[in-house]
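Only one structure is covered here, and it is reproduced in the block below.
The values are calculated or read from the model by the stated rules, or taken from the named source; none is laboratory data. Not measured: the values here are computed from a predicted model. Positions of Cβ are backbone-derived with ideal geometry, glycine not excepted, and every protein chain shown enters the neighbour counts. Ligands, DNA and RNA are stripped out before the accessible areas are found, and what is left, the full protein with its side chains, is counted by its heavy atoms. Shrake-Rupley method; radii C 1.70, N 1.55, O 1.52, S 1.80 Å.
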Amino acid sequence: MLHGKLAGTYDEVLRRNPGETEFHQAVLEVLSSLEPVVVKHPQYADAEIIRRLCEPERQIIFRVPWVDDAGQVQINRGFRVEFSSALGPYKGGLRFHPSVYLGIVKFLGFEQIFKNALTGMPIGGGKGGSDFDPKGRSDGEVMRFCQAFMTELYRHIGEYTDVPAGDTGVGGREIGYLFGQYKRITNRYESGVLTGKGLSWGGSRVRTEATGYGLVFFVDEILRTRQDSFDGKRVVVSGSGNVAIYAVEKVQQLGGTVVACSDSSGYVVDEAGIDLALLREVKEERRERIAAYVEARPGAYLVTDASIWDVACDVALPCATQNELDADAATVLARNGCTVVAEGANMPCTPDAIRVLAEAGVTYAPGKAANAGGVATSALEMQQNASRDSWTFEHTEQRLAAIMSGIHERCLETAEAYGQPGDYTAGANIAGFTRVADAMLALGIV
Ligand code: NDP
Ligand code: 2IT
């Protein structure tokens, strides 16, 4: 429950952004942590910091016309929401998925402000995307779509202005086509304008792995606080995209066993442990449905009529999409002995699920802390581009591990300082918020 000015701010968000339910959810989640902050720092309220943060600095919506393989003209809608540039250029991914609309882009952009602040790096917050559905599209169609999308986006981005990257439906292939078109239109080899680039043309080692690896490093820090580790743990990972695949890899490297993963068509259970090489072949190379994994793997089976969270585990890592883990799923996870739920995806746990986990004593790590390794490594890519340097895998992975450990520490210290010891949500929201708020105070009313 929000009180006083925070409640008024939230009412204003509801009124000004009708129908954008995911955005409302993300705002409420952050505002719910800020009561002790506004009590301690009245200067934030005086400068209307929170109300300003709830209104994006700039929102761009554009038509994306392109021609499919059949010669048919297709029209999609493109978005870029530039939320906050108090700490650096707008930074955040692009999502291509049929569910994308302004409310999704705004929820993701809003989350990104605090996530990016929490990394301690000089990056603001933004997000973009399109309702384009890459599933079943040929490589040529994806390229023409990306070119059409960049033909409008290019005028709004730049290495000192706004730096997009990947998210759902946007990986190395798409970033390549987007960068190619940006370079063609501007006649500039401006490496720092996009992150997630290929290694031979300005990308950073470990960026592909970073979100999944970072998530597992974060959970490793949680386990360390209990003198525990991944060794021997049963782990369930939802999704089988970029974040999920590299979470699986790092869990396995640290001695855990991932017994299930999924896509939107169902989940697979593999008690022997997910065969990572096969999963990568099915998903990254062949771009097939998860059923193809089971066909090639004796002992594994596919489930299409139940929740992946029914699979008993010690650690649950939702890495697919928003609101994929509800109160019922949380209840089952807790009953089956799960002790940590950490978000690789953005906002995968519903507010009711988070409540259930808290009541059951399950540690919950919010995405803006646990999945920040992706954007943090994007910031490392920007550093390498700015200095025309290229770091080794080992060095970059060490930087990532240190960043995740720093975020973990910042969450716990902040939660403690504001009277909520052990509460990662409070720690992440307050630490992220205060860093942006202090910069905004210094920069004046802009
Ligand atoms: P990908 O497109 O690589 O993979 C997404 C995975 O999630 C696929 O397996 C997909 O299945 C599944 N999925 C997507 N939507 C749904 C849905 N509605 N229901 C069930 N399954 C679904 O995306 P990423 O791995 O990059 O992103 C996953 C999540 O992680 C997103 O929430 C994203 O915002 C977040 N994230 C990503 C970062 C990154 O660096 N890429 C950084 C931080 C967070 P299918 O193929 O069947 O659609
Ligand atoms: O949600 C996220 O943090 C991302 N999709 C990564 C953004 C980035 O700019 O690397």
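Going through segment 159-175 one residue at a time, which ones are under 18 Å from Thr377 (Cα atoms) and of a type outside the set (Val, Ile, Thr)?
Glu159, Tyr160, Asp162, Pro164, Ala165, Gly166, Asp167, Gly171, Gly172
Could you pull out the residue among Gly422, Gly406 that is small (Gly, Ala, Ser), open to solvent by 10 Å² or more (accessible area, probe 1.4 Å) and part of a helix (DSSP H, G or I)?
After applying the criteria, what remains is Gly406.
Out of curiosity, is Lys91 within 21 Å of Ala442 (Cα to Cα), part of a strand (DSSP E or B), within 16 Å of ligand 1 (Cβ to nearest atom) and touching a residue at least 60 places away in the same chain (Cβ under 8 Å)?
Yes; evaluated as a whole, the condition is true for this residue.
Looking for whichever is within 16 Å of ligand 2 (Cβ to nearest atom), among the charged types (D, E, K, R) and at pLDDT 95 or above here; the options are Glu82, Glu48. Which one fits?
Just a single option satisfies the conditions, and that option is Glu82.
Would you check if there is a residue in segment 219-231 being of a type in the set (A, V, I, L, M) and surrounded by 24 or more Cβ atoms within 10 Å (Cβ to Cβ)?
yes
Could you grab me the full set of residues in segment 188-215 that are free of Cβ contacts under 8 Å to residues at least 40 places away in the same chain, open to solvent by less than 30 Å² (accessible area, probe 1.4 Å) and within 16 Å of ligand 1 (Cβ to nearest atom)?
Residues satisfying the conditions are Leu194, Gly198.
Considering only segment 353-379, state which residues are near ligand 1 (Cβ under 10 Å from one of its atoms) and among the β-branched types (Val, Ile, Thr).
Result: Val375, Thr377.
Within segment 85-101, take every residue that is touching an Asp or Glu at 6+ places or on another chain (Cβ under 8 Å) and over 20 Å from Ala345 (Cβ atoms) and give me the one that is farthest from ligand 2 (Cβ to nearest atom).
Filtering segment 85-101 for residues that are touching an Asp or Glu at 6+ places or on another chain (Cβ under 8 Å) and over 20 Å from Ala345 (Cβ atoms), the one farthest from ligand 2 (Cβ to nearest atom) comes out as Ser85.
How about segment 352-403: which of its residues are closer than 21 Å to Gly166 by Cβ, open to solvent by 30 Å² or more (accessible area, probe 1.4 Å) and either under 17 Å from the mean Cα position of the chain (by Cα) or of a type in the set (A, V, I, L, M, F, W, C) (or both)?
Of everything in segment 352-403, those that are closer than 21 Å to Gly166 by Cβ, open to solvent by 30 Å² or more (accessible area, probe 1.4 Å) and either under 17 Å from the mean Cα position of the chain (by Cα) or of a type in the set (A, V, I, L, M, F, W, C) (or both) turn out to be Met382, Ala386, Trp391, Phe393.
Residues of segment 119-149 being within 16 Å of ligand 2 (Cβ to nearest atom) and surrounded by fewer than 24 Cβ atoms within 10 Å (Cβ to Cβ), which ones?
Passing the criteria: Gly120, Met121, Pro122, Pro134.
Is it the case that Gly176 is crowded, with 17+ Cβ neighbours inside 10 Å and in contact (Cβ under 8 Å) with a residue 40 or more places away in the chain?
no
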